[in-house]
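Trainee: Dropping the structure in here first, questions after.
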Amino acid sequence: MNKKQFTELLNKLLVLRGFYFRKILKKTELLTTKYIEKTCPLFTVNELYKNNITFRIINASFQSPSDVGIETKQNNRKKTINYVTLPFLIIAYFHIIFIAATSLTIFLYKWVTPVGSTLELIRKYKYHYKVRVPIPVHYKQVPLYIRSMLIAVEDYKFYTHHGFDIDGIKRAIEINTRIKKPLYGGSTLSMQLARTLFLTPAKSYLRKYLEAIITVELELILSKNRILELYFSLAEWGKGIFGIEQASLYYYKHKIKQCTRDESARLIALLSSPILYTPYTIEKNRLLSQRYYFLYSRYCK
């Protein structure tokens with residue numbers, strides 16, 4: 001069989017549909033592996049050695065041009081579907097993993113107060129603050145008037161909302177739209193605790209979205225008083241100062257129970273900007289001084 005005859009045979013076989021064949025051919029210079037594969041890419045060639053004689057085992061599967069076209073369209077459709085669905089699958093898997101991890105952690109926080117938070121780690125390893133270990137406090141260890149001060153200036157609807165102050169969020173959106181920056185967030189105490197526990201201090205809409213998810217989990221899993229306990233135990237009160245007990249010891253050299261009302265008002269007012277100011281320098285900032293005088297006039301006289 002010469003090259004021309006072999007090519008004609010291949011062309012005849014190509015029109016067959018669903019036809020499979022296998023034929024053992026004795027080795028010749030004409031039927032080399034490279035020649036067969038070049039002549040018809042649908043062929044696969046394996047070698048068989050027996051009694052010092054090499055055989056070519058040729059396998060092939062043929063389709064009609066119409067079948068090839070249909071298969072090509074189906075493959076293209078599958079690729080299009082994959083390209084469209086892949087981002088949604090990635091987002092879905094991310095949400096499942098994120099929600100599962102944070103929910104399990106928050107469930108443990110019903111009984112266990114963590115020794116630190118994500119914010120604490122960021123301050124320590126990114127900003128290189130000398131972090132003092134937070135001292136957990138029980139809800140009843142914090143005097144009632146201090147709890148009232150915190151709620152009055154940070155989240156006066158704390159006991160009535162389910163994690164979000166809608167009016168506060170609307171005001172924040174209006175201000176951010178006006179200044180074209182995500183500067184204000186209208187955060188509740190639950191939202192502040194969410195980012196302290198799990199997120200970074202960098203302001204962005206992605207962080208607010210993740211913060212909202214964690215806030216829902218906090219409100220569903222923990223009681224309001226437990227949220228306050230964790231807040232008082234882990235909130236940032238200065239460079240490397242976390243928790244109101246640690247803040248009282250650092251600034252006033254005594255426990256929170258021994259704080260005067262004036263000292264307490266200064267600590268609560270400081271929460272708005274604890275990195276740049278201290279309880280002794282809040283008068284230098286207009287917002288902090290307004291918060292302090294509001295608390296002083298309402299709870300200290």
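The values are calculated or read from the model by the stated rules, or taken from the named source; none is laboratory data. Because the structure is predicted, anything quoted here is derived from the model rather than measured. Cβ sites come from the backbone with ideal geometry, for glycine too, and all protein chains shown count toward neighbours.
Trainee: With respect to the numbered conditions (1) out of contact with any helix residue (DSSP H, G or I) (no Cβ under 7 Å at 6 or more places or on another chain); (2) under 20 Å from ILE268 (Cβ atoms); (3) in a loop (DSSP other than H, G, I, E, B), which one is the sole condition not fulfilled by LYS140?
Mentor: (3)
Trainee: Criterion first (within 31 Å of the chain's Cα centre (by Cα), within 13 Å of VAL142 (Cβ to Cβ) and not β-branched (Val, Ile, Thr)) does LEU218 satisfy it? Show your work before the answer.
Mentor: On the way: within 31 Å of the chain's Cα centre (by Cα): yes; within 13 Å of VAL142 (Cβ to Cβ): no; not β-branched (Val, Ile, Thr): yes.
Criteria not met by LEU218.
Trainee: While we're on this one: May I ask you to list the residues in region 207-218 that are under 17 Å from GLY186 (Cα atoms) and among the acidic types (Asp, Glu)?
Mentor: GLU211
Trainee: Only residues that are charged (D, E, K, R) and without any contact (Cβ under 8 Å) to a residue 60 or more places away in the chain: list them for region 244-301, please. Don't jump to the end; show me each part of the working.
Mentor: As a first pass, look at region 244-301 and keep what is charged (D, E, K, R): 245, 253, 255, 257, 261-263, 266, 283-284, 286, 291, 298, 301.
Answer for region 244-301, where residues must be charged (D, E, K, R) and without any contact (Cβ under 8 Å) to a residue 60 or more places away in the chain: LYS253, LYS255, ASP262, GLU263, ARG266, GLU283, LYS284, ARG286, LYS301.
Yes/no per residue for (1) part of a loop (DSSP other than H, G, I, E, B); (2) not hydroxyl-bearing (Ser, Thr, Tyr):
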{"site": "ILE97", "(1), (2)": "no, yes"}
{"site": "SER103", "(1), (2)": "no, no"}
{"site": "VAL115", "(1), (2)": "yes, yes"}
{"site": "LEU119", "(1), (2)": "no, yes"}
{"site": "LYS124", "(1), (2)": "no, yes"}
{"site": "ARG132", "(1), (2)": "yes, yes"}
{"site": "PRO136", "(1), (2)": "yes, yes"}
{"site": "MET149", "(1), (2)": "no, yes"}
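Trainee: Under the condition of being β-branched (Val, Ile, Thr) and in contact with a helix residue (DSSP H, G or I) (Cβ under 9 Å, 6 or more places away or on another chain), which residue from region 144-169 is surrounded by the fewest Cβ atoms within 10 Å (Cβ to Cβ)? Working first, answer last.
Mentor: Our first condition is that a residue be β-branched (Val, Ile, Thr); within region 144-169, this holds for 146, 151, 153, 160, 166, 169.
Applying the additional criterion that residues be in contact with a helix residue (DSSP H, G or I) (Cβ under 9 Å, 6 or more places away or on another chain) yields 146, 151, 153.
On the way: ILE146: 23, ILE151: 16, VAL153: 19.
Only one residue tops the list, namely ILE151.
Trainee: Continuing with the same structure: Among the candidates LEU220, LEU295, single out the residue that is of a type in the set (A, V, I, L, M, F, W, C) and surrounded by 19 or more Cβ atoms within 10 Å (Cβ to Cβ). Can you show your working first?
Mentor: On the way: LEU220 fails: surrounded by 19 or more Cβ atoms within 10 Å (Cβ to Cβ).
Just one listed residue meets the conditions, LEU295.
This table checks each residue for (1) at pLDDT below 95; (2) in the same structural domain as ARG123 (by TED's automatic domain parsing); (3) surrounded by fewer than 16 Cβ atoms within 10 Å (Cβ to Cβ).
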{"position": "TYR184", "(1), (2), (3)": "yes, yes, no"}
{"position": "TYR205", "(1), (2), (3)": "yes, yes, yes"}
{"position": "THR215", "(1), (2), (3)": "no, yes, no"}
{"position": "ARG226", "(1), (2), (3)": "no, yes, no"}
{"position": "TYR231", "(1), (2), (3)": "no, yes, no"}
{"position": "TRP237", "(1), (2), (3)": "no, yes, no"}
{"position": "GLU263", "(1), (2), (3)": "no, yes, no"}
{"position": "PRO279", "(1), (2), (3)": "no, yes, no"}
{"position": "LYS284", "(1), (2), (3)": "yes, yes, yes"}
